[in-house]
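Asker: Supplied in structure tokens, the structure appears directly below.
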Amino acid sequence: MNLVLQTLVSTLVQGSMLALITIGMNLVYGTLRVLNMAQGVMVMVGGVAAWTFVANFGLSPWLGLVIGVIVSALLGMLSYGVGISRLIGRAGVDFEMTAFISTFAIASIVQNLVQLFYGPRQKDFPTLVPGRLELTPGVSITWHQVLTAAIAIAALSALGLFLAKSRYGLAIVAVAQNLDAARLMGIPARRAYVLTMGLAAGLAGLAGVLLAPVYFVSPNMGDLPMLQALIVAIFAGLGSTKGTIIAAYIIGFVQAAVSIFWTSTYAMPVLYALIVVVLIARPFGIAGKPQEARL
């Protein structure tokens with residue numbers, strides 16, 4: 001019974017974090033048709049920015065959380081302006097492939113710059129809330145993990161409300177659904193692109209700060225989250241935000257169950273095998289749909 005409860009708790013925490021990172025990635029793909037390979041670096045940037053202000057200026061981790069989100073969001077919008085915007089509409093350019101390579105290059109540049117200025121060593125980051133919560137004898141969870149899941153779920157809910165109720169959120173949805181119709185209605189597509197990149201990077205930065213006490217702060221702290229986000233995105237179907245939520249918790253459950261009932265060594269191989277099976281059965285993921293390139 002304790003193992004089952006531990007699995008469910010791990011699923012909630014891991015699934016929430018995977019959804020937080022991946023939903024931005026799928027939001028970018030749904031809007032721009034770009035597989036953003038810089039999403040993992042935005043996770044790292046959020047953690048590094050928060051650590052910089054907490055360690056050097058003595059700010060509280062909560063202020064570091066806000067700063068990490070803002071810095072990541074600004075960098076996400078900057079990466080659009082530098083690496084993607086100039087590719088849109090250019091004749092003779094395979095936009096999706098070129099933008100994919102461009103985001104990969106941005107990720108590599110940012111990661112190497114961080115390593116140059118901060119060094120390769122891991123840095124400690126304090127938990128937002130200390131202490132542990134004992135669920136049953138033998139099963140406990142840190143309050144930081146509880147807070148991580150709660151903040152991730154709250155952020156995902158806020159994003160859903162933003163996309164469904166706000167003017168700018170509806171503009172992003174309109175551009176994602178039908179670019180030509182959105183332009184005919186006077187919606188500024190490029191503003192929607194910038195905002196989408198900022199939102200995606202901000203969510204990744206939030207995840208980075210929440211993960212910093214677990215993974216420590218280093219130039220490579222976004223590598224594993226990026227790999228896991230790719231698995232979730234492919235499993236869900238590229239561009240599907242609703243499918244991302246479902247896929248994140250399924251992947252989180254599989255990863256937790258394999259680690260607890262078997263061994264963590266085989267968690268990733270089992271996920272790879274699951275992805276192969278899903279792609280054979282549903283090449284566009286559990287909730288994805290085939291769409292034509294448009295940019």
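The values are calculated or read from the model by the stated rules, or taken from the named source; none is laboratory data. Keep in mind that this is a model prediction, so the values were computed, not measured. No Cβ is skipped: glycine too gets one built from the backbone with ideal geometry, and neighbour counts run over all protein chains shown. These accessible areas exclude ligands, DNA and RNA; they are computed on the full protein's heavy atoms, side chains included. Shrake-Rupley method; radii C 1.70, N 1.55, O 1.52, S 1.80 Å.
Asker: Relative contact order of the range 137-222: what whole-number percent is it, with Cα pairs under 8 angstrom and at least 6 residues apart?
Answerer: For the range 137-222, the relative contact order is 18 percent.
Asker: Give the ranking of 289, 123 by solvent-accessible surface, highest area first, calculated with a 1.4 Å probe.
Answerer: Greatest to least solvent exposure: 289, 123.
Asker: Would you kindly find the accessible area of residue 132, with a 1.4 Å probe and non-protein molecules such as ligands, DNA and RNA excluded, rounding to the nearest 10 Å²?
Answerer: Only protein atoms counted, so the area is about 150 Å².
Asker: Continuing with this model, one more query. Quantify, in whole percent, the carbon and sulfur part of the accessible surface of the range 1-135 (1.4 Å probe; protein heavy atoms only).
Answerer: 68 percent
Asker: Here's a follow-up. Considering amide H positions built from the backbone, and no H for Pro or chain starts, which residues 5 or more places from residue 222, or on another chain, come under 5 Å of its amide H?
Answerer: Here 44 satisfy the definition.
Asker: Would you list, by chain and number, the lysines whose Cα falls below 29 Å from the Cα of residue 289, excluding same-chain residues fewer than 8 positions away?
Answerer: Straight-line reach from residue 289, under 29 Å: 165, 242.
Asker: Let me ask something else. I'd like the orientation of helix 267-281 relative to the chain: the angle between its Cα long axis and the longest Cα principal axis, in ° from 0 to 90, rounded to 10.
Answerer: So the helix axis and the longest Cα principal axis differ by about 40 degrees.
Asker: Can you give me the relative contact order of the chain as a percent, contacts being Cα pairs under 8 Å and 6 or more apart?
Answerer: 36 percent
Asker: Moving on. Determine the share of the range 149-295's accessible area contributed by carbon and sulfur atoms, expressed in whole percent, with a 1.4 angstrom probe.
Answerer: 67 percent
Asker: Return the FRET efficiency for the residue pair residue 93, residue 216: r is the Cβ-Cβ distance, R0 is 45 Å, and the value is rounded to the nearest 0.05.
Answerer: FRET efficiency, residue 93 to residue 216: 0.70.
Asker: Would you work out the Kirkwood radius for the chain? I mean one over the mean of 1/r across all pairs of different Cα atoms, in Å.
Answerer: 19.5 Å
Asker: Sticking with this one: Go ahead and collect, in residue order, the members of the range 92-131 whose backbone nitrogen is under 18 Å from a label point 7 Å along the Cα-Cβ direction of residue 56.
Answerer: Residues 110-126 fall inside that zone.
Asker: How do 118, 80, 266, 249 rank by accessible surface area computed with a 1.4 Å probe, from largest to smallest?
Answerer: Listed by decreasing accessible area, they come as 266, 118, 249, 80.
Asker: Provide the solvent-accessible area of residue 146, counting protein heavy atoms only and rolling a 1.4 Å probe, rounded to the nearest 10 Å².
Answerer: Ignoring ligands and nucleic acids, residue 146 comes out at about 50 Å².
Asker: What number comes out for accessible area per residue over the chain if the probe is 1.4 Å? Units Å², please.
Answerer: Computed with neighbouring chains in place, this is 48 Å² per residue.
Asker: Let me ask you something else. For the range 94-165 and the range 224-295, write down the distance between their C-alpha centroids in whole Å.
Answerer: Here the answer is 18 Å between Cα centres.
Asker: Using only DSSP helix segments of four residues or longer, with each worth -39500 (n - 2.57), what per-residue ellipticity at 222 nm results for the chain after dividing by its residue count and rounding to 500?
Answerer: Helices in the chain give a 222 nm mean residue ellipticity of -25000 deg cm²/dmol.
Asker: With a 1.4 Å probe and all protein chains in place, put 41, 194 in order of accessible area, largest first.
Answerer: Largest accessible area first, the list is 194, 41.
Asker: Cα axis of helix 223-236 to longest principal axis of the chain: angle in degrees, 0 to 90, nearest 10?
Answerer: Once rounded, one gets 60 degrees.
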